[in-house]
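The structure appears right after this line, and notes come after that.
Coordinate-derived values only; no laboratory data. What you see is a predicted model, and the numbers here were worked out from it, not measured in a lab. Here the Cβ positions follow ideal geometry from the backbone for every residue, glycine too, while neighbour counts run over all protein chains shown.
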Amino acid sequence: MRKAAKRTKRFLCRFWRGLREWCGDAAYERYLRSPGARCGTCRMLSEAEFYVEQLNRRYSRPNRCC
């Protein structure tokens, strides 16, 4: 019984981690782990600044769909 519970918990944790990566919710954590964020000359962005930067990057490019 314990093995099944442990296996289920591990599956749910991996599923949750994958879901967060897929929808972009874990982007800030990935930014914090990146080597570029740890350089001595760069200022670390706060979580709010990071998401504003992401939105600006995503929507500042011209849309060529039509």
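Full extension of the segment from ARG58 to TRP22, taken as 0.36 nm per residue of separation minus the current Cα-Cα distance, would add 11.3 nm.
The angle separating the long axis of helix 47-59 from the principal Cα axis of greatest extent in the chain is about 60 degrees. If the chain linking PHE50 and SER34 were pulled fully straight, counting 0.36 nm for each residue of separation and taking away their Cα-Cα distance, it would gain 4.4 nm. Seen through its C-alpha gyration tensor, with square-root eigenvalues sorted a ≥ b ≥ c, the chain comes out oblate because a/c lies at 1.5 or above while a/b is not bigger than b/c. Dipole magnitude for the chain: about 680 debye, using +1 per Lys or Arg Cβ and -1 per Asp or Glu Cβ, origin at the Cα centre. Per residue of the chain, the DSSP helices (runs of n ≥ 4 H) give a summed -39500 (n - 2.57) that works out to -20500 deg cm²/dmol at 222 nm.
Relative to the longest principal axis of the Cα atoms of the chain, the long axis of helix 2-23 makes an angle of roughly 10 degrees. Positive end of the dipole of the chain (Cβ unit charges, origin at the Cα centre): among LEU55, CYS42, MET1, the Cα lying farthest that way belongs to MET1.
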